[in-house]
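Undergrad: Quick one: the structure is below, and I'll ask about it shortly.
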Amino acid sequence: RISYDPMRYPKYIPEAYCLCKGCLMGIFGEESFHFRSTPVFMPTVILRRTPTCAGGRYVYTEDYITIPVGCTCVPEQEKEAESVNSSIDK
């Protein structure tokens, strides 16, 4: 996807997004739901335009944003482990 913001430099930033809920595994690349597809984020510096001008030019300030740059596979938590932990917390 492309993120667009006219008050930012760069105005256009490509962003990744995960197409599958699970992960493509195995010999034939079938989707496995034992893993979940999760975005990977990267911190990035951009310039954000301020409402003020100096010398007839826009003034920009540095801003830090995180953008999704790809996807990775994370093991899905087991339901039994969650129920054991929740009973301990009670």
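The values are calculated or read from the model by the stated rules, or taken from the named source; none is laboratory data. In this text, all values refer to a predicted model and were calculated from it rather than measured experimentally. A quick note on method: Cβ atoms are made from the backbone with ideal geometry, for glycine too, and the neighbour counts reach across all protein chains shown. These accessible areas exclude ligands, DNA and RNA; they are computed on the full protein's heavy atoms, side chains included. Shrake-Rupley method; radii C 1.70, N 1.55, O 1.52, S 1.80 Å.
Undergrad: When segment 39-48 is examined, which residues are found to be open to solvent by 60 Å² or more (accessible area, probe 1.4 Å) and within 17 Å of Arg8 (Cβ to Cβ)?
TA: Listed by number, the residues that qualify are Met42, Pro43, Val45, Leu47, Arg48.
Undergrad: Restricting to segment 49-76, count the residues that are over 17 Å from the mean Cα position of the chain (by Cα) and open to solvent by 70 Å² or more (accessible area, probe 1.4 Å).
TA: Residues flagged as over 17 Å from the mean Cα position of the chain (by Cα) and open to solvent by 70 Å² or more (accessible area, probe 1.4 Å) within segment 49-76 amount to 11.
Undergrad: So which residues in segment 8-38 are surrounded by 14 or more Cβ atoms within 10 Å (Cβ to Cβ) and in a loop (DSSP other than H, G, I, E, B), if there are any at all?
TA: Once the filter is applied, which keeps residues that are surrounded by 14 or more Cβ atoms within 10 Å (Cβ to Cβ) and in a loop (DSSP other than H, G, I, E, B), segment 8-38 yields Ala16, Cys18, Cys20, Gly22.
Undergrad: When the residues of segment 1-37 are narrowed to those that are touching a Ser or Thr at 6+ places or on another chain (Cβ under 6 Å) and closer than 23 Å to Val74 by Cβ, which ends up modelled with the lowest pLDDT?
TA: Just the residues of segment 1-37 that are touching a Ser or Thr at 6+ places or on another chain (Cβ under 6 Å), to begin with: 13, 15, 18, 20, 22-23, 25.
Subsequent filtering for residues that are closer than 23 Å to Val74 by Cβ retains 15, 18, 20, 22-23, 25.
Working: Glu15: 97, Cys18: 94, Cys20: 90, Gly22: 91, Cys23: 92, Met25: 87.
Going through the qualifying residues, I end up with Met25.
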